[in-house]
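Note sheet for the following structure.
Read the figures in this text as sums done on the coordinates, not as results from a lab. What you are looking at is a predicted structure, and each value in this text was computed from that prediction instead of being measured. No Cβ is skipped: glycine too gets one built from the backbone with ideal geometry, and neighbour counts run over all protein chains shown.
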Amino acid sequence: MNTALSGALYNGGEACGACFKIQCVSIPFGNLQCLPGSIVVTATNLCPQGSTGGWCDEPRSHFDLAEPAFQHLAPPVAGVVNVEYERVSCLRSGGIRFLIQGHPYFMQVLVYNVGGMGDVTAVSVKGSSSDWIQMDRNWGQLWTTGTVLDGQALSFSVTTSDGRTVASNGVADSDWQYGQTFEGNQF
């Protein structure tokens, strides 16, 4: 399940990919009840500020859930509920995914399906004819470089907020194309 986070939690996109365990703790009005249990969600977007009620406005900590996720916490008619939350490890199936976008003079890579802490703090790319190149965060988990790497096999190194790093060597062979997704190693 995915969630949008308020700006206070999203931190300029740095929390993108992080996992949170959330549980309803009280409903401030009416006779509605929180449902038992908790859910684990992945941060994938920024909750827009200025929405009705200001729930996404800083400094509030808010999880903007779609109804299929929300209904695990409380009846959908509850609207907004108080929750307790904590960061948890992300459990993923398969390897880290790298969606390569751009053109010959600008490469943008969406890094997703990241296990462990989930939130990526650094990405490097290595072409078969180059050294490791530190990529720049564009937004969320979109990472960019202006280095021309067309026609080279690609390796990626991903570091998460807990300082752990995993390398995926030779994940894309030399005939990769923009728009393709490749699967690498996992935490």
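Tabulated data for the structure shown
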quantity: Residue match in the stretch 97-109 (condition: out of contact with any Pro (no Cβ under 6 Å at 6 or more places or on another chain), hydroxyl-bearing (S, T, Y) and assigned to a strand (DSSP E or B)); calculated: no
quantity: All positions within the stretch 25-69 that are in contact with a helix residue (DSSP H, G or I) (Cβ under 6 Å, 6 or more places away or on another chain) and assigned to a helix (DSSP H, G or I); calculated: E67
quantity: In the stretch 143-164, residue farthest from N11 (Cα to Cα) [restricted to those that are free of Cβ contacts under 8 Å to residues at least 40 places away in the same chain and surrounded by fewer than 21 Cβ atoms within 10 Å (Cβ to Cβ)]; calculated: G151
